[in-house]
1. Answer yes or no as to whether ARG131 is of a type in the set (Lys, Arg) and in contact (Cβ under 8 Å) with a residue 40 or more places away in the chain.
2. Tell me yes or no: at least one residue of region 132-139 is modelled with pLDDT under 95 and among the small types (Gly, Ala, Ser).
3. Using the structure shown, decide if ARG190 is in contact (Cβ under 8 Å) with a residue 24 or more places away in the chain and either surrounded by 24 or more Cβ atoms within 10 Å (Cβ to Cβ) or of a type outside the set (Ser, Thr, Tyr) (or both).
4. Which of (1) touching a strand residue (DSSP E or B) at 6+ places or on another chain (Cβ under 7 Å); (2) modelled with pLDDT of 95 or more; (3) not aliphatic (A, V, I, L, M) is the odd one out, the single condition PRO209 does not satisfy?
5. Pick out, from region 105-215, the helices (runs of 4 or more DSSP H) lying fully within it that include 3 or more residues that are farther than 23 Å from ARG254 by Cβ.
6. Can you tell me which residue is surrounded by the most Cβ atoms within 10 Å (Cβ to Cβ) among those in region 193-224 that are hydrophobic (A, V, I, L, M, F, W, C) and in contact with a helix residue (DSSP H, G or I) (Cβ under 8 Å, 6 or more places away or on another chain)?
7. Residues to consider are ALA216, ALA201; find the one that is in contact with a Lys or Arg (Cβ under 7 Å, 6 or more places away or on another chain) and modelled with pLDDT of 95 or more.
8. Can you name the residue in region 91-104 that is part of a helix (DSSP H, G or I) and free of Cβ contacts under 8 Å to residues at least 12 places away in the same chain and is also surrounded by the most Cβ atoms within 10 Å (Cβ to Cβ) among such residues?
Amino acid sequence: MSIHPDHRPDTGTRTAAAADRPPADPTGDDTLDLRVGDLVALLTGGQPAPSATPDAASDSPSESADRRLDGDLLDSVASWAPADTRLGRFRLAPVRLARDLPLLARWMNDPAVAAFWELAGPDTVTADHVRAQLEGDGRSVPCLGVLDSTPMSYFELYRADLDPLSRAYPARPHDTGIHLLLGGAADRGRGVGTALLRAVADLVLDHRPRCTRVVAEPDIRNTPSVSAFLSAGFRYAAEIDLPDKRAALMIRDRALRHVL
């Protein structure tokens, strides 16, 4: 199973313009996000607090402080504890190009992966893709998925609210996106992707308390990927148009994580 990051997560070289605000919520359940502090201020006649915005250039002082504490804007993925899954002990290991490039390039040249990731070719193609994230501001973190002691998958965790993806749906502050590929053909089609997606979504929600939703945007044609997300507790929120694909917007809500 592979999930193609067609929109290429923004690594920090640009921000969404005001004219690119997301359209009305296609699911109808995100039409009003009023924080408790804002509600109290309104009831007492005070001024509501400024709304959060996906534009990194207009952070509030508290958001700027949050960024400094984050270090990589994703609450220090490298420090996250491993997760116990039905497959074994799983952890995310941020990519080190000098160590991991040969493995990643081999995976990217698997035809089943290349069909969606479009990174087949010499090692430099994969290196350029990963390096753009490593040298960005930390809004996208490429990781190896390590099961027990074996690297067997590749993940990209990214701040969906700071990414061009936020123009295609009503993003909330700290929405966290996932891209995934399974490296070995033997791991595909037997529920491994579902188990890892659930584990990674849980890791995000456990270690990112400000994140209320984990999101993904697999190609609508990639039926196995969409099915894996559904089985992992994500809901099918909408179909959205991205530059190079029509995608299924998948959302896993913190409030529903123990229900779905």
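1. no
2. Yes, region 132-139 contains at least one residue that is modelled with pLDDT under 95 and among the small types (Gly, Ala, Ser).
3. So ARG190 fails the test.
4. Among (1) touching a strand residue (DSSP E or B) at 6+ places or on another chain (Cβ under 7 Å); (2) modelled with pLDDT of 95 or more; (3) not aliphatic (A, V, I, L, M), the lone unmet condition for PRO209 is (1).
5. Output list reads 111-117, 123-134.
6. VAL214
7. None of the others qualify; the one that does is ALA201.
8. ARG99
The values are calculated or read from the model by the stated rules, or taken from the named source; none is laboratory data. Predicted model only: the values in this text are computed from it and were never measured. Cβ coordinates were reconstructed from backbone atoms using ideal geometry, including for glycine residues, and neighbour counts include every protein chain displayed.
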